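Read through the structure below, which is laid out as structure tokens, and then see the notes.
The values are calculated or read from the model by the stated rules, or taken from the named source; none is laboratory data. Note that this is a predicted model, so its numbers are computed, not measured. With ideal geometry, Cβ positions are generated from the backbone for all residues, glycine too; neighbour counts draw on all protein chains shown.
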There are 2 protein chains.
Amino acid sequence: MSRIWNFSAGPAVLPAEVLEQVKDELLDWHGAGCGVMEMSHRGKEFTAIIEAAEADLRELMGIPGNYKVLFLQGGATQQFAQIPLNLLSIGASADYLVTGSWSKKAVKEAQRVMAGTASVRVAGTTEASGFTRFLDAAEIAIDPDAAYVHVCTNETIHGVEVDCSRLPQTTVPIVADMSSHILSRPVDVSKYALIYAGAQKNIGPSGVTIVIVREDLLGRAPATIPTVMDYAVMAENGSMLNTPPTFAIYVSGLVFKWLKRLGGLAEVEKINAHKAELLYVCIDGSEGFYRNPVRVADRSRMNVPFTLANPELDAAFLAESKAAGLASLKGHKSVGGMRASIYNAMPTDGVRALVEFMQDFRKRNA
Amino acid sequence: MSRIWNFSAGPAVLPAEVLEQVKDELLDWHGAGCGVMEMSHRGKEFTAIIEAAEADLRELMGIPGNYKVLFLQGGATQQFAQIPLNLLSIGASADYLVTGSWSKKAVKEAQRVMAGTASVRVAGTTEASGFTRFLDAAEIAIDPDAAYVHVCTNETIHGVEVDCSRLPQTTVPIVADMSSHILSRPVDVSKYALIYAGAQKNIGPSGVTIVIVREDLLGRAPATIPTVMDYAVMAENGSMLNTPPTFAIYVSGLVFKWLKRLGGLAEVEKINAHKAELLYVCIDGSEGFYRNPVRVADRSRMNVPFTLANPELDAAFLAESKAAGLASLKGHKSVGGMRASIYNAMPTDGVRALVEFMQDFRKRNA
């Protein structure tokens, strides 16, 4: 078997050692006589699995005791609806910061589901500048009466990332979509009212979505919300109102244990900062052959979009990189060019291989 | 490794040969250099996987061309809300047949989400007789103007099953929860407007829900429904509006191929009828030592609840059966006693082992 260097934006590469463990346990988990996919979610085996996953996530992120951790279904896209449906009462208003395709989708969905009942407002946007940077403080006008302000802290398509230390100072509860950089660096959870993330980038397989929500935000949903979408009900039931996506939760839990073995998020951040620096140095040192359009302070460590000065070379770059074992480098169609997603599970050697290829390709085509 | 005989009601046993294939392909699917969990859902590899899964399901069930097949998230419990939200317009009414815990939950959820906007009516219930049989024709009063009539064709907890040939003759669209017996026998899909099933019993891992919906029912949802819950949008996007639960769909697809290798649903039904008969003969021939309360014509081939005449023996039965490698036989707390779930993936030899144990236990304790 030969593993490629997989730069997919998601579903994305998983740690090989996690996959090896999943493989070993697939038909018989710890002597249970069946695999995790085949276990009752109410049994003691799976209960131990989900409890360990939550405990490890709490430890990794330093989640305070007054936050619930939920393992839900439907992806971040379902959360785009579920958040306003839970948090935005009739006649109230919510603010959204729009810094890329994903936060734009979040606004649109909130406006859809709340149409005619609540207000969904854009409190700042960088769309006019092509989503190539985060918002400056002067560009953000948060309504102090807003039920919450929503931010996407890493825009997967545009490659724009913001650390929580740079978020606006506000008393309005902050709701953050961290789908594509959760667990890539330490985060001060207490600065957020709600953090959510689809698993398929930095956590595990698609099909599970993690929501970390402060307890005082629970219980605000209207009585007519679908029960599975009510955070309070899901919290009361330990994410097991109905059958959860057990296998996806199990694999996510193994990823948490892997992150702990790496030394936790402070160590993981060092590795990620190093990987990203290697790639940006290659791009910025290419004398314009490669170009990343994002303002330096806002560049994502997880998703690195770049274009070739001569787009006629795009096809050759993709074909030759693929032949060299570097996969899924094609950029999102809305921005074109290339994108290298270098999540936690992408080894530094994978980034080195990409940099080496890019430098060689440039030499041959400059 | 020693595999148990796993009688879990769900998540449930999967075919060992499917799991062996999943294991072989876990880090490298067909030479792709990565596993299915790590692939972009937009890539050609996963596109081939989901298209094959749909084609095989269509072939197995004989799904007519005017039906869409959707791979969704959230389980049957989410469908309890999603069905009325999609199909029941303001001021309209829907009928529900209540024949066990699951159809009762379906009514309750429909009433919750439609409260004050539409009518959700019970058109027949066997609750007074303890959910031990299906409804007789004379007990069903369907409103001819109902938007749909909902039925659970196999009640997992109470072990009550009905074949579509015995459903009421009506022009009202029939919506069926087939979660716990889909693919266990041939079904005339054209008699239904919508069929749905959580995967974790007869299809694959939890986290994917299959909806088979007639095209004329699409596009009725209000504009404010969460986008991921709108059947029409999901149908237009081939179940990939957002990232689907890719791994669960892949495993489900392997189960479909396994069912085709067994000879399709007519052959599978023969095996299931044989397995169920072995177990019911054992129960009925026990001179009252074991008892199944369901009317013979309505007994489920998938979920066989039974009680011991002397409930003081329950603990010994469970401990000894577990020691004999027969797992997850404890009945649901709402009915007590035992339950053997004998889905497609439970081999006949597993049922033989259970019957042998039950006869031996009876001899030792009668």
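A few notes on this one:
- Residue within segment B:6-13 that is more than 7 Å from chain A (Cβ to nearest Cβ), in contact with a strand residue (DSSP E or B) (Cβ under 9 Å, 6 or more places away or on another chain) and of a type in the set (Phe, Trp, Tyr) present: yes
- Looking at B:Leu60, B:Leu70, just one residue is part of a strand (DSSP E or B) and either closer than 21 Å to B:Gly198 by Cβ or assigned by TED's automatic domain parsing to the domain that holds B:Ile342 (or both), and that residue is B:Leu70.
- Hey, B:Leu60 more than 9 Å from chain A (Cβ to nearest Cβ) and under 28 Å from the mean Cα position of the chain (by Cα) or not: yes
- For segment A:164-178, the criterion of a residue being part of a loop (DSSP other than H, G, I, E, B) and either closer than 28 Å to A:Leu19 by Cα or assigned by TED's automatic domain parsing to the domain that holds A:Pro305 (or both) is satisfied by at least one position.
- Selection from segment B:205-260 of residues that are more than 23 Å from the chain's Cα centre (by Cα), among the β-branched types (Val, Ile, Thr) and either within 30 Å of B:Pro15 (Cα to Cα) or away from chain A (no Cβ under 14 Å) (or both): B:Thr243
- Selection count where residues are within 11 Å of chain B (Cβ to nearest Cβ) and assigned to a helix (DSSP H, G or I), scope segment A:37-57: 4
- Scanning segment B:126-148 for residues that are in contact with a helix residue (DSSP H, G or I) (Cβ under 8 Å, 6 or more places away or on another chain) and either under 17 Å from B:Ile174 (Cβ atoms) or within 14 Å of chain A (Cβ to nearest Cβ) (or both) yields B:Phe134, B:Ala147, B:Tyr148.
- Pairs are defined by a Cβ separation below 6 Å, a sequence spacing of at least 6 or placement on different chains, a first member in segment A:101-117 that is within 11 Å of chain B (Cβ to nearest Cβ), and a second member that is among the aromatic types (Phe, Trp, Tyr) and surrounded by 21 or more Cβ atoms within 10 Å (Cβ to Cβ); the pairs so defined are A:Glu109/A:Phe80.
- Looking only at residues of segment B:245-280 that are without any contact (Cβ under 8 Å) to a residue 12 or more places away in the chain and assigned to a helix (DSSP H, G or I), we find that the one that is surrounded by the fewest Cβ atoms within 10 Å (Cβ to Cβ) is B:Arg261.
- Selection count, segment B:64-100, where residues are within 20 Å of B:Val122 (Cα to Cα), at the interface with chain A (Cβ under 9 Å from one of its Cβ atoms) and small (Gly, Ala, Ser): 2
- Among all residues of segment B:261-272, there is none that is in contact with a strand residue (DSSP E or B) (Cβ under 8 Å, 6 or more places away or on another chain) and either in the same structural domain as B:Ile182 (by TED's automatic domain parsing) or under 30 Å from B:Gln359 (Cβ atoms) (or both).
- All positions within segment A:294-306 that are crowded, with 18+ Cβ neighbours inside 10 Å and of a type outside the set (Asp, Glu): A:Val294, A:Arg299, A:Ser300, A:Arg301, A:Met302, A:Asn303, A:Val304, A:Pro305, A:Phe306
- Checked against the criterion of being touching an Asp or Glu at 6+ places or on another chain (Cβ under 9 Å) and hydroxyl-bearing (Ser, Thr, Tyr), the candidates A:Ser40, A:Ser8 yield just one match: A:Ser8.
- Scanning segment B:214-229 for residues that are surrounded by fewer than 23 Cβ atoms within 10 Å (Cβ to Cβ) and in contact with a helix residue (DSSP H, G or I) (Cβ under 9 Å, 6 or more places away or on another chain) turns up B:Arg214, B:Glu215, B:Leu217, B:Leu218, B:Gly219, B:Arg220, B:Ala221, B:Pro222, B:Ala223, B:Thr224, B:Ile225, B:Thr227.
- Identity of the residue in segment B:311-337, outside any helix (DSSP H, G or I) and in contact (Cβ under 8 Å) with a residue 40 or more places away in the chain, that ends up farthest from the other protein chains (Cβ to nearest Cβ): B:Val335
- Sole residue being of a type in the set (Asp, Glu) and under 18 Å from the mean Cα position of the chain (by Cα), chosen from B:Glu17, B:Glu54, B:Glu38: B:Glu54
- Just one of (1) without any contact (Cβ under 8 Å) to a residue 24 or more places away in the chain; (2) within 14 Å of another protein chain (Cβ to nearest Cβ) fails for B:Ile195. It is (2).
- Residue selected from segment A:117-150 under the condition among the charged types (D, E, K, R) and more than 12 Å from A:Ser103 (Cβ to Cβ), by the criterion surrounded by the most Cβ atoms within 10 Å (Cβ to Cβ): A:Arg133
- Selected residue [within 30 Å of A:Phe306 (Cβ to Cβ) and either among the charged types (D, E, K, R) or surrounded by 20 or more Cβ atoms within 10 Å (Cβ to Cβ) (or both)] from A:Tyr96, A:Tyr67: A:Tyr96
- Subset of segment B:14-23 that is charged (D, E, K, R) and in contact with a Lys or Arg (Cβ under 9 Å, 6 or more places away or on another chain) - its residue that is farthest from the other protein chains (Cβ to nearest Cβ): B:Glu17
- Residues of segment A:16-27 include at least one that is in contact (Cβ under 8 Å) with a residue 40 or more places away in the chain and either in a loop (DSSP other than H, G, I, E, B) or among the charged types (D, E, K, R) (or both).
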